[in-house]
Protein chains: 4
Amino acid sequence: MLHFDSDYMEGAHPRILEALAADNGNQHVGYGLDEVCDEARGLIRDACGRPDAEVWFLEGGTQTNRTVIAATLRPYEGVVAAESGHVSVHEAGAIEDSGHKVLTLPQHQGKIDADELAGFLEAYQADENHDHMVRPGMVYISHPTEFGTLYTADELRRIGDVCHGFGIPLYLDGARLGYGLAADGTDVTLRTVAETCDVFYIGGTKVGALFGEAVVITRPGLIPAFFTQMKLNGALLAKGWLLGLQFRTLFTDDLYVRIARHADEQAMRIREGFLAKGYDLPFDSPTNQQFMIVDDDTLARLREHATLSFWEKTDADHTAIRFATSWATKPEDVDALLALI
Amino acid sequence: MLHFDSDYMEGAHPRILEALAADNGNQHVGYGLDEVCDEARGLIRDACGRPDAEVWFLEGGTQTNRTVIAATLRPYEGVVAAESGHVSVHEAGAIEDSGHKVLTLPQHQGKIDADELAGFLEAYQADENHDHMVRPGMVYISHPTEFGTLYTADELRRIGDVCHGFGIPLYLDGARLGYGLAADGTDVTLRTVAETCDVFYIGGTKVGALFGEAVVITRPGLIPAFFTQMKLNGALLAKGWLLGLQFRTLFTDDLYVRIARHADEQAMRIREGFLAKGYDLPFDSPTNQQFMIVDDDTLARLREHATLSFWEKTDADHTAIRFATSWATKPEDVDALLALI
Amino acid sequence: MLHFDSDYMEGAHPRILEALAADNGNQHVGYGLDEVCDEARGLIRDACGRPDAEVWFLEGGTQTNRTVIAATLRPYEGVVAAESGHVSVHEAGAIEDSGHKVLTLPQHQGKIDADELAGFLEAYQADENHDHMVRPGMVYISHPTEFGTLYTADELRRIGDVCHGFGIPLYLDGARLGYGLAADGTDVTLRTVAETCDVFYIGGTKVGALFGEAVVITRPGLIPAFFTQMKLNGALLAKGWLLGLQFRTLFTDDLYVRIARHADEQAMRIREGFLAKGYDLPFDSPTNQQFMIVDDDTLARLREHATLSFWEKTDADHTAIRFATSWATKPEDVDALLALI
Amino acid sequence: MLHFDSDYMEGAHPRILEALAADNGNQHVGYGLDEVCDEARGLIRDACGRPDAEVWFLEGGTQTNRTVIAATLRPYEGVVAAESGHVSVHEAGAIEDSGHKVLTLPQHQGKIDADELAGFLEAYQADENHDHMVRPGMVYISHPTEFGTLYTADELRRIGDVCHGFGIPLYLDGARLGYGLAADGTDVTLRTVAETCDVFYIGGTKVGALFGEAVVITRPGLIPAFFTQMKLNGALLAKGWLLGLQFRTLFTDDLYVRIARHADEQAMRIREGFLAKGYDLPFDSPTNQQFMIVDDDTLARLREHATLSFWEKTDADHTAIRFATSWATKPEDVDALLALI
């Protein structure tokens, strides 16, 4: 069986396992207060071009979104997100459980539009009942989005400008950030992200790590007592150096982006293979998630040999499906997949 | 100045003030454990045709919605509501503050549609990721809606059937219930509400009382420890008999519906007056909130002499506005209003 | 039957009912944005000697405690209170429901001690694990306490100094504040409270009003968006002027303190009557709650004719009990009570 | 430098790293739905003698406590714990953040007493104000406790009986469970725990794993929708099989208890070494945490060469300190430590 249903089906990049094995005899203080974490922080600050940034390590995406958002907002504030955003749909109400509303904007292939955001914030401001409404207190975007799509640097800047004009921070969910940074044709670098966003996270779980996400706060002081807020959200790993080790490895020799590029390349091979056979794309993704429209016969045939994700029915006989590659995808598995169509 | 901007601009119906004055020398135990509250409960149970119903008294609408919903749901559940529902928009995030998501359905002049609700619940059930999503745990409707519109008895039954088929309770926000029960042409009585809904509230604040809402739980045991849950939500009035006195008065001699009918009659006079002058309705309300489309000149003229609510711009030169009447609206004020157009 | 079990067994002072009746024909805008509330705010600011204070009106004590505390604290902060404080024991977990821990100090007849508070805050600061602990973010005291006792002005100042030295606000629960201000021998005036506390409330429910508490924030800006935070806690009364009317009346002609003095005088008569007959006090209260130790026979006899509160067993044959007087207590009821012993 | 300050200073037992390395090329479905987790569940069920138990894997202790407790309790309920319990003091308010009060009992060397628990529950029940109080909804104990002490099987049974008599579940925090099971003289086995507790967790982080805790629910259905409740608490690991792999390894060949025994043996060597030199114990622990009273000179000398934990000052010149051993403690490090005294 071929497996293309998600990008977190494999363990860790071999270098990470080697680093864990090499360090296993050592003793460290807990909770990320160790030297390995400090080294990883330094490497990430360098890569971001932000020597003053705060860097924290958490364990997973939903946990990170919940902790960052709940730790930033006041009780009367909500977070603005695309209606398709992970925080809107697929976190089982983690944001609401922490007491905050997700205020939704239309999505455009997973992205929000700066003008629509501005319109939303202005409408809130202009509404004479706005004191009876949830105040927008933060904006959440994902990059790549849940559709695999990417913002341009200009789009990020415009969204950032709208946020800052309204006086609220911009937060970027980078669960798959590596796959975005490595994509062909993008003009968004890690520095672009660090310049436009007040807080974001660099996803490790889906890009080479066993688990782990690195939160970067580019506006120091934005979130008070983040250490304690991680603790109370159950997000403070006892053996914090395990996260430091993984991110130190990923941010050495540009490993993070290099392994992500491999995934994107394999994804492009899938894209081109399907296009060459005349299949349509519901929308075009330059990253490791590829979406295709297939007829029912093809879908049945594919499912005999490969796992994949259902996206949506596009008409009575056709379905949009998703293939996800990862840093670990074998080229021969892509060959085998393409041989099926 | 004429005042038509809301239906809670006046104190209480004179009989209620009389009842408060007559009782003022008496001593009562607190927290609604007194005999007056028990009498009021009995009258409400009789009016509902449900001798087994639990009846509780709270102070206001948002408080009641928050308390009932938070007291019913488990942490992984949300409440389904129209996107225009009061809980969705105008409670400053009270539901989310209590830890729960408001899952929105399209509104049709403020109403949800039973088939769309069924489709939503089925889609949740069918979604292979539904364990990562908020479980629909309750359905919220308002009657009359925020648009002044009413469900038919059949619509209520169908919505109730969908809820019960999915195994979740139906909750009706009756902040303006009296104005709905008294409307011309409705086939929904208090008994209909009690038969179709698992929990609902009878609004006092907007229908004759100084303040107060009566929660009726027709499925005893639906909400555990409701007394304590009122307390922890800050919704347990120390001098609970003040609420009992008001509801005892409202449910004596059918006062509740009779005074509501007056408001509806005055609202119909406004509706007919505007229609007679050729104005359009954005939608048709049979209750105490009336919506009209007026040109900018008319709007300016009206605003010199009357308070009213902005609803929305309908085109460059026209605006939909709202007039609210109440049990206390003076016919001569309606005359004066109509003389302005 | 004589009733001495609580101080919220009667309706409102006649002047308040008169004010409600006199205003009942008038129309007002909602939510406390009306002129009556503004007048009441002015009178309260004058009485406090703080023209810059923010004044808000809520409906009850638990609601006020919950709203003020939840609106002030950040997620990693808790409120420090006496282990006997109302927020610690008798609010059904309202503070915790809002996400915050109540950090308890020993009580001394209901009071906390400034030195113990300082020690507690220093111990937190000095604890090398304090980033894993709840940060003290506010201090809560009640005056009079749940034991009827009073702080001296000097004690309040010392507690305030400790709070401000640590950088956190002092909050005073004045559910029975009138009975404290009117007590014989106290050197605490409303101005003392306003000078030492950052936020406090003036209790109306127990001192002459039908219901209602006035929150005074002497450090403007301490609590952001308090209006919206009231709303989301279900604490924003639609007909806000009802609260304004009551507090305008209470703060006209010094009515608030004058009627409280009556209650204290009747309480002193009870105290002296019992002392004269040789009964012991478990502790000495100068306010409207009086505590006596009685033998079982006396207790049985009293209970035949009067309601009162059980406080605690003091030994096998004796019980401490509580009598509460109010602004409405009739002197002849006190006579009748004393005739029983 | 010697390190005895905590039991989570090392990575994983070599077998666990081997298992991770051996599996690293394999692909798995996420979220613990894989076969490795199922195998681990089977091994744990066997070890507990409870083939019907639910088993879930989470990442850390505070996260597990928060998730289990919040997922079980209703909004009006709190969890009863020793005043020294981890949930009471060192989780930064995680339980309160989830909306629930920690109701504290006196601790006796970290343990609660069944009679005191019974008395507390009876007092709640008997208190005529209990509807205004937080209902005890669960009891939390830790085994070993934060003092290293252990319950006897009889003590566990008696506490369980008190809980079940009151109708609430007993929850055991087994962060260091292995060190308890392996202790000399204990009559508590994993089966004893599974028989007496309704839910408990087997700590991996401190006993051989990189990270991970296994929750065992012996009363199926006790916690509804636990998967979704993990998700919304940010406690659902994407690559769930990493936890399964670790627990499968720990529960193969009795590894879990065997490596714990090593830690206990080294702890006993420390204990005997200090006792032989005439040092006093503040209390006696049979597990991997050892507490000693040392004079200031000794403390200073120890700190030059070893890390350890401050526990408390016992008098002006003496301090109680803690040494923690682990599955990875080297006997020669213990030798070196003992050579210092």
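The values are calculated or read from the model by the stated rules, or taken from the named source; none is laboratory data. Computed from a prediction, not measured in an experiment: that's the story for all the values here. Ideal geometry is used to build each Cβ from the backbone, glycine not excepted, and the neighbour counts take in all protein chains shown. The accessibility values were calculated without ligands, DNA or RNA, using every heavy atom of the protein model including side chains. Shrake-Rupley method; radii C 1.70, N 1.55, O 1.52, S 1.80 Å.
Looking at segment B:98-113 only, could you name the residues that are within 14 Å of chain C (Cβ to nearest Cβ) and on the phi > 0 side of the Ramachandran plot? Before you say what the answer is, go through the steps one by one.
Step one: of segment B:98-113, the residues within 14 Å of chain C (Cβ to nearest Cβ) are B:98-100, B:102.
Within segment B:98-113, B:Gly99 is the sole residue that qualifies.
Can you confirm whether D:Thr205 is touching a helix residue (DSSP H, G or I) at 6+ places or on another chain (Cβ under 8 Å), in the same structural domain as D:Arg66 (by TED's automatic domain parsing) and not in a strand (DSSP E or B)? Outline the logic, then answer.
Numbers: touching a helix residue (DSSP H, G or I) at 6+ places or on another chain (Cβ under 8 Å): yes; in the same structural domain as D:Arg66 (by TED's automatic domain parsing): yes; not in a strand (DSSP E or B): yes.
Spelling it out, D:Thr205 is indeed touching a helix residue (DSSP H, G or I) at 6+ places or on another chain (Cβ under 8 Å), in the same structural domain as D:Arg66 (by TED's automatic domain parsing) and not in a strand (DSSP E or B).
For segment B:15-28: of the residues being more than 7 Å from chain C (Cβ to nearest Cβ) and either surrounded by fewer than 22 Cβ atoms within 10 Å (Cβ to Cβ) or over 22 Å from the mean Cα position of the chain (by Cα) (or both), which is farthest from C:Gln27 (Cα to Cα)?
Keep residues of segment B:15-28 that are more than 7 Å from chain C (Cβ to nearest Cβ), which gives B:15-16, B:18-19, B:22, B:25-26.
Pick out the ones that are also either surrounded by fewer than 22 Cβ atoms within 10 Å (Cβ to Cβ) or over 22 Å from the mean Cα position of the chain (by Cα) (or both) and you get B:15, B:18-19, B:22, B:25-26.
Working: B:Arg15: 18, B:Glu18: 19, B:Ala19: 21, B:Ala22: 24, B:Gly25: 28, B:Asn26: 30 Å.
Result: B:Asn26.
Taking the conditions (1) more than 16 Å from the chain's Cα centre (by Cα); (2) under 22 Å from B:Glu312 (Cβ atoms); (3) open to solvent by 40 Å² or more (accessible area, probe 1.4 Å) in turn, B:Gln109 satisfies each one other than (1).
Against the list (1) touching an Asp or Glu at 6+ places or on another chain (Cβ under 8 Å); (2) in contact (Cβ under 8 Å) with a residue 60 or more places away in the chain; (3) within 15 Å of B:Trp241 (Cα to Cα), the condition B:Asp23 fails is (1). Pairs meeting the criteria (first residue in segment C:252-269 and farther than 18 Å from C:Arg45 by Cα, second residue of a type in the set (A, V, I, L, M) and surrounded by fewer than 20 Cβ atoms within 10 Å (Cβ to Cβ), beta carbons under 9 Å, at least 6 apart or on different chains) are C:Arg269/C:Leu338.
Would you confirm, using the coordinates I've provided, whether A:Gly137 is touching a strand residue (DSSP E or B) at 6+ places or on another chain (Cβ under 7 Å), free of Cβ contacts under 8 Å to residues at least 24 places away in the same chain and either of a type in the set (Ser, Thr, Tyr) or within 11 Å of another protein chain (Cβ to nearest Cβ) (or both)? Judged against the criteria, A:Gly137 is not a match. In segment B:79-97, the residues that are more than 14 Å from chain C (Cβ to nearest Cβ) form Cβ pairs under 6 Å with partners that are in a helix (DSSP H, G or I), at six or more places apart or across chains, as follows: B:Val79/B:Ile69; B:Ala81/B:Val87; B:Ala81/B:Ser88.
If you go through segment D:229-265 one residue at a time, how many are touching a Lys or Arg at 6+ places or on another chain (Cβ under 7 Å) and crowded, with 21+ Cβ neighbours inside 10 Å? So that I can check it myself, show each step before the final result.
Looking only at segment D:229-265, we keep the residues that are touching a Lys or Arg at 6+ places or on another chain (Cβ under 7 Å), and these are D:233-234, D:249, D:255.
Now drop any that are not crowded, with 21+ Cβ neighbours inside 10 Å, which leaves D:233-234, D:249.
Result for segment D:229-265: 3.
Taking B:Arg74, is it open to solvent by 10 Å² or more (accessible area, probe 1.4 Å), within 30 Å of C:Leu245 (Cβ to Cβ), modelled with pLDDT of 95 or more and away from chain C (no Cβ under 12 Å)? When the stated conditions are applied, B:Arg74 does not pass them. Note on segment A:49-71: residues that are facing another protein chain (nearest Cβ under 7 Å) and within 14 Å of the chain's Cα centre (by Cα) total 5.
Residues that are in a loop (DSSP other than H, G, I, E, B) and open to solvent by 30 Å² or more (accessible area, probe 1.4 Å) were ranked within segment C:285-326; the one that is farthest from C:Arg258 (Cα to Cα) is C:Ala316. Please tell me if A:Asp161 is touching a Pro at 6+ places or on another chain (Cβ under 7 Å) and either within 19 Å of A:Thr67 (Cα to Cα) or away from chain D (no Cβ under 14 Å) (or both). So A:Asp161 does not fit the description; no. Of the residues in segment C:141-150, not one is among the aromatic types (Phe, Trp, Tyr) and either within 14 Å of another protein chain (Cβ to nearest Cβ) or closer than 22 Å to C:Val216 by Cβ (or both). Under the condition of being open to solvent by 10 Å² or more (accessible area, probe 1.4 Å) and either part of a helix (DSSP H, G or I) or of a type in the set (A, V, I, L, M, F, W, C) (or both), the residues counted in segment C:79-102 number 5.
Scoring A:Tyr171 on the criteria (1) surrounded by fewer than 23 Cβ atoms within 10 Å (Cβ to Cβ); (2) touching a helix residue (DSSP H, G or I) at 6+ places or on another chain (Cβ under 7 Å); (3) under 26 Å from D:Gln63 (Cα atoms) leaves a single failure, condition (1). Can you pull out every residue in segment B:1-13 that is more than 7 Å from every other protein chain (Cβ to nearest Cβ) and not in a strand (DSSP E or B)? Matches in segment B:1-13: B:Met1, B:Phe4, B:Asp5, B:Asp7, B:His13. Among the residues of segment D:217-236, are any away from chain A (no Cβ under 13 Å), outside any loop (DSSP other than H, G, I, E, B) and within 22 Å of D:Ala260 (Cα to Cα)? No, segment D:217-236 contains no residue that is away from chain A (no Cβ under 13 Å), outside any loop (DSSP other than H, G, I, E, B) and within 22 Å of D:Ala260 (Cα to Cα). Screening A:Asp46 on (1) in a helix (DSSP H, G or I); (2) facing another protein chain (nearest Cβ under 8 Å); (3) farther than 24 Å from A:Ala263 by Cα shows it passes everything except condition (2).
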